[in-house]
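One structure is given below, encoded as structure tokens.
Any read-out appearing in this document is the output of simple, stated calculations on the displayed coordinates, not a laboratory observation. Please read all numbers here as calculations on a predicted model, not as lab measurements. Cβ coordinates were reconstructed from backbone atoms using ideal geometry, including for glycine residues, and neighbour counts include every protein chain displayed.
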Amino acid sequence: MIEIINRKAKFDYEILESYEAGIVLKGTEIKSIRLGKANLKDSYCIIRNNELFILNMHISAYDFGNIFNHEETRTRKLLLHKKDILKLRDKIEQNGLTIIPLKLYFKNRVAKLQIALAKGKHTFDKREAIKKRDQERDLQKYIKGKI
């Protein structure tokens, strides 16, 4: 099962809510995703005219494509219920939050994108997370060594 994960998302952002959205793709894009040639790093979502779009999502060109191959970082439309889009728009405008992609995967042969309403972390929060992760790693090494 192909699953492309945005690894930096949980480090750079505090995740508040998550949603599952469909994504409008071309034929060569879906073939590249099935080969695992996509990247969610540095991508984000915006709302334009009450529609949700993802920007900077990189899907590599399909190797066997011809002149009809796709542009790698084009803006792609996301499919979400209108009430969810309006709710997201209100939260973004009021609280200064952002919408980021977390994971791209297949569900019943259809590509889905897990997006999240997120709040950016400050540098000191990131340092705190690194310190906590290192302490847990050291504790696990200590426990394995003793047993």
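Taking chymotrypsin sites (Phe, Trp or Tyr not before Pro) as exposed when their DSSP state is a loop state and no more than 11 other Cβ atoms lie within 10 Å, the longest site-free interval of the chain runs over 69-147. With the charge dipole of the range 1-105 set up from +1 on Lys and Arg Cβ and -1 on Asp and Glu Cβ about the Cα centre, the Cα lying farthest toward the positive end among the listed residues ILE30, ILE59, LEU104 is that of ILE30. The relative contact order of the chain comes to 32 percent, based on Cα pairs under 8 Å that sit 6 or more residues apart.
LYS31 sits among other residues whose Cβ lies under 14 Å from its own Cβ, and their net charge, with Lys and Arg +1 and Asp and Glu -1, is +1. May I ask for the Kirkwood hydrodynamic radius of the range 3-121, worked out over all distinct Cα pairs and given in angstroms to one decimal? Kirkwood radius, the range 3-121: 14.6 Å.
Among the GluC sites (Glu not before Pro) in the range 21-97, those placed in a DSSP loop whose Cβ has at most 12 other Cβ atoms within 10 Å are GLU71.
A crude spin-label estimate for the pair ASP125 and ASN95, with each label 7 Å from Cα along the Cβ direction, gives 1.1 nm. The separation of the range 80-147 from the range 44-64, counted between C-alpha centres, amounts to 19 Å. Here the Gaussian network model covers the chain, with springs between Cα atoms less than 10 Å apart; of ILE130, ILE33, ILE99, ILE130 fluctuates the most.
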